[in-house]
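The values are calculated or read from the model by the stated rules, or taken from the named source; none is laboratory data. The model shown is predicted, which means the values in this text are computed figures rather than measured ones. FYI the Cβ positions are ideal-geometry reconstructions off the backbone, even for glycines, and counts take in every protein chain you see.
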Amino acid sequence: MTIEAKKPAKIIHGTYGGAQLHRKRGEDMCDPCRKAAADYMRQYRRNRPDKYAQQRAVQDARGRALTRLAARHSVEFAAIYEEERGK
Ligand SMILES: [Zn+2]
């Protein structure tokens, strides 16, 4: 078995998948992808309010945990934050 470099995926703009790839790459989304992501999430919230509320609760808990972690390790957090902003 050989190890090959993974080919970067081609973004199909104006799709939810395209929006996810922009996000994964840390890029700003183009307008068509931003609209596709907003449309997808709007439909998701409408069709699966129970699932959305459950995921929202998980995200909220994660945010609170990260806030507490950042407060406990403020110097390290600030360094990591600046490093990520520079990407
Ligand atoms: Zn795009």
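For residues in the stretch 1-41 being among the acidic types (Asp, Glu) and within 13 Å of the chain's Cα centre (by Cα), which is modelled with the highest pLDDT? Talk me through it step by step, then tell me what you get.
Taking the stretch 1-41 and keeping what is among the acidic types (Asp, Glu), we get 4, 27-28, 31, 39.
Right, trim to within 13 Å of the chain's Cα centre (by Cα) and you get 27-28.
Numbers: GLU27: 91, ASP28: 94.
Among residues in the stretch 1-41 that are among the acidic types (Asp, Glu) and within 13 Å of the chain's Cα centre (by Cα), the one modelled with the highest pLDDT is ASP28.
Just the residues that are surrounded by 11 or more Cβ atoms within 10 Å (Cβ to Cβ) and charged (D, E, K, R), please, taken from the stretch 26-65.
GLU27, ARG34, LYS35, ASP39, ARG45, ARG48, LYS51, ARG56 - these are the residues of the stretch 26-65 that are surrounded by 11 or more Cβ atoms within 10 Å (Cβ to Cβ) and charged (D, E, K, R).
Got a sec? Which helices (runs of 4 or more DSSP H) wholly within the stretch 1-77 have at least 1 residues that are within 16 Å of the ligand (Cβ to nearest atom) and hydroxyl-bearing (Ser, Thr, Tyr)?
In the stretch 1-77, 16-25, 31-47 are the helices (runs of 4 or more DSSP H) which contain 1 or more residues that are within 16 Å of the ligand (Cβ to nearest atom) and hydroxyl-bearing (Ser, Thr, Tyr).
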